[in-house]
Ligand SMILES: NC(=O)c1ccc[n+]([C@@H]2O[C@H](COP(=O)([O-])OP(=O)(O)OC[C@H]3O[C@@H](n4cnc5c(N)ncnc54)[C@H](OP(=O)(O)O)[C@@H]3O)[C@@H](O)[C@H]2O)c1
């Protein structure tokens with residue numbers, strides 16, 4: 001089968017775990033060249049080594065904190081030392097912090113969620129665009145969430161952040177009309193990654209409870225979807241894709257099996 005992705009340059013933010021790390025493997029297996037960023041560089045090095053083993057002809061890593069403009073701009077300068085074009089930008093870095101009601105919410109958690117999920121996407125996209133608008137057929141893929149579509153108790157700030165991501169995607173799709181640059185959002189429901197451990201600030205027991213009796217999506221499910229979306233021909237743009245595990249009929253309707 002024709003491999004439209006071979007040798008393409010794929011930039012993935014938040015590549016040190018979860019969806020981002022799985023995407024590095026999946027694009028590596030498609031013989032893509034990888035530019036990987038996150039705060040934990042040791043983890044990135046492991047991900048890059050595995051991606052090279054999977055088939056990536058190149059996998060470069062650098063520290064990236066999307067909550068800081070200086071870090072994003074330094075990362076973009078480093079990217080330009082490797083390539084003058086980006087084929088796929090995956091704005092994946094982000095996550096949730098806490099499950100507090102608005103009454104109990106903490107400024108620090110709210111600010112971090114807005115910084116990473118909303119402003120991080122804007123910053124990284126602004127920095128990457130000069131390497132994409134000259135490259136028709138390139139693709140900006142943002143990782144949103146079911147939380148951007150439906151609100152839930154304790155999710156006010158995270159839901160607001162992911163709703164922000166969805167609207168950024170839509171605005172960009174309009175702004176880039178005519179350039180040939182594609183823009184889309186992949187919006188997963190419940191997936192088993194480090195997401196809940198981070199949300200509950202290292203409380204593994206609480207994190208495990210989220211998935212009890214449920215068969216959630218895996219990071220590999222999302223990575224496979226990203227590869228499929230990115231490998232559509234240049235005239236095809238998957239704009240918005242909501243993807244949930246079969247057990248999650250709706251945000252408040254989870255099928256949980258009895259566990260022993
Ligand atoms: N798992 C789910 O149920 C689910 C569902 C819908 C959407 N999502 C979204 O999917 C994306 C990936 O999450 P995941 O589930 O794969 O969780 P994860 O395993 O916790 O991965 C999150 C990634 O984001 C990176 N990151 C976080 N803050 C960052 C920052 N300021 N700068 C750079 N990188 C940062 C982390 O790396 P470092 O800590 O090393 O920086 C890590 O690589 C997130 O945007 C999340 O909101 C997750």
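Computed from the coordinates by the stated procedures, all read-outs in this text should not be read as laboratory data. Not measured: the values here are computed from a predicted model. Glycine also receives a Cβ, built like all others from the backbone with ideal geometry; neighbour counts cover every protein chain displayed.
When you count the other C-beta atoms within 10 angstrom of each residue and take the mean per peptide, 131-144, 12-25 line up highest first as 12-25, 131-144.
Using the average count of surrounding beta-carbon atoms within 10 Å as a protection proxy, the listed peptides 27-35, 220-228 rank, highest first, as 27-35, 220-228. Computed from label points 7 Å out along Cα-Cβ, the spacing between residue 81 and residue 101 is 5.1 nm.
Per-residue counts of other Cβ atoms within 10 Å, averaged by peptide: what ranking do you get for 51-61, 199-209, highest first? Before the final figure, lay out the partial values.
Values: 51-61: 18.6, 199-209: 13.2.
Ranking, from highest mean packing down: 51-61, 199-209.
Each Cα pair under 8 Å and six or more residues apart adds its separation to the average, and for the chain the resulting relative contact order is 19 percent.
The value of relative contact order for region 1-52, using C-alpha pairs under 8 Å at least six residues apart, is 40 percent. Given a Förster distance of 25 Å, report the FRET efficiency between residue 4 and residue 45 from their Cβ-Cβ distance, rounded to the nearest 0.05. Once the sixth-power term is evaluated, E becomes 0.30.
Taking N as the residue count of region 24-92, its C-alpha radius of gyration divided by 2.2 N^0.38 Å amounts to 1.06. Here the translational diffusion coefficient of region 144-260 follows from Stokes-Einstein with Rh set to the Kirkwood radius across Cα pairs; for 4 °C and 1.567 mPa s it amounts to 82 µm²/s. Stokes-Einstein at 10 °C, 1.306 mPa s, Kirkwood radius from Cα pairs: D for the chain in µm² s⁻¹? In µm²/s, the coefficient rounds to 86. Remark: region 42-187 is approximated by an ellipsoid whose semi-axes, taken from the C-alpha gyration tensor as √(5λ), come to 28, 19, 14 Å, largest first. Mean residue ellipticity, 222 nm, helices only, the chain: the sum of -39500 (n - 2.57) across DSSP H runs of n ≥ 4, divided by residue count and rounded to 500, is -11500 deg cm²/dmol. Out of the DSSP beta bridges found with both residues in the chain, what percent are antiparallel (nearest 5)? Percent antiparallel among DSSP bridges in the chain is about 5.
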